[in-house]
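Accompanying notes for the structure given below.
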Amino acid sequence: MYFQHRHILKFLVTAFAVTLFLSCGDKGEEIRKMSIKSDGPVTEGRGINLKYTDSGKVTAHLKTPYIKNYANSSFPYEEFPEGVEVIFIDDNKENVITSDYAIRYKSTNLIDLQRNVTLVTSDSITLKAEQLYWDQTNNWIFTDQPYTIITKDGSRNDGDLFDSNEDFTNFVSLNNVSKQYVKENNEDL
């Protein structure tokens, strides 16, 4: 009797599995596709206006018309295909950076800004480049593309690449061409 029930149970399970398999027909491919990770974004957003805070103080303000979040990617990132504007606020000083395209890599905290990149510091230094990398972890910016820096007095520095901390106090560049305005000291005359 035990063997008969066991045999009937195996038969029922096998019949159920075959019926389930055959009833799926062409839907088996659809079911398989649902279990595979998509290459598309996990989320998308339009008209984004984010404010980042630290201890109740606003430290950054990000605006973008469109964002794609690839959080489930093996190397997670956020893409800003229609550009981005970020205002950094520190001790009531504001630095503004804009670009026509950007990618933020979440695991490395590296931001790749591309096309018409402009950085304007609170003391009116303007940096223009076609590509600029910003390492948020090390507070470092760099590019291997031509750039232009214009200071408040109109002095200008053009170069092929640079490596600098965020406040430009440790600045290294290559193939510079500069135009500097220097105040004349009347005491030396």
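The values are calculated or read from the model by the stated rules, or taken from the named source; none is laboratory data. On a predicted model such as this, the values are computed, not experimentally measured, just so you know. Please note: Cβ atoms are built from the backbone with ideal geometry, for glycine as well, and neighbour counts cover all protein chains shown.
Data for the structure
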read-out: First in the stretch 151-170 and aliphatic (A, V, I, L, M), second anywhere and not in a loop (DSSP other than H, G, I, E, B), Cβ under 7 Å, 6 or more apart; value: L161/T143; L161/S173; L161/L174
read-out: The stretch 62-105, subset farther than 14 Å from V42 by Cα and among the basic types (K, R), residue farthest from the chain's Cα centre (by Cα); value: K93
read-out: Residue list for the stretch 139-152, restricted to those being at pLDDT 85 or above and of a type outside the set (S, T, Y); value: W140, I141, F142, D144, Q145, P146, I149, I150, K152
read-out: Per-region count, the stretch 43-68, residues polar (S, T, N, Q) and more than 18 Å from S99 (Cα to Cα); value: 4
read-out: Residue within the stretch 137-150 that is assigned to a loop (DSSP other than H, G, I, E, B), on the phi > 0 side of the Ramachandran plot and of a type outside the set (D, E, K, R) present; value: yes
read-out: Members of the stretch 106-140 found to be within 23 Å of K93 (Cα to Cα), touching a strand residue (DSSP E or B) at 6+ places or on another chain (Cβ under 7 Å) and among the acidic types (D, E), listed by number; value: D135
read-out: Candidates T148, T143, filtered to the one that is of a type in the set (S, T, Y), surrounded by fewer than 16 Cβ atoms within 10 Å (Cβ to Cβ) and either assigned by TED's automatic domain parsing to the domain that holds E79 or in contact with a strand residue (DSSP E or B) (Cβ under 8 Å, 6 or more places away or on another chain) (or both); value: T148
read-out: Sole residue being surrounded by 10 or more Cβ atoms within 10 Å (Cβ to Cβ) and either among the aromatic types (F, W, Y) or at pLDDT 60 or above (or both), chosen from S55, S38; value: S38
read-out: Set K106, K128: member being surrounded by fewer than 15 Cβ atoms within 10 Å (Cβ to Cβ), of a type in the set (D, E, K, R) and assigned by TED's automatic domain parsing to the domain that holds N72; value: K106
read-out: Residue count for the stretch 87-136, restricted to those that are part of a loop (DSSP other than H, G, I, E, B) and among the charged types (D, E, K, R); value: 4
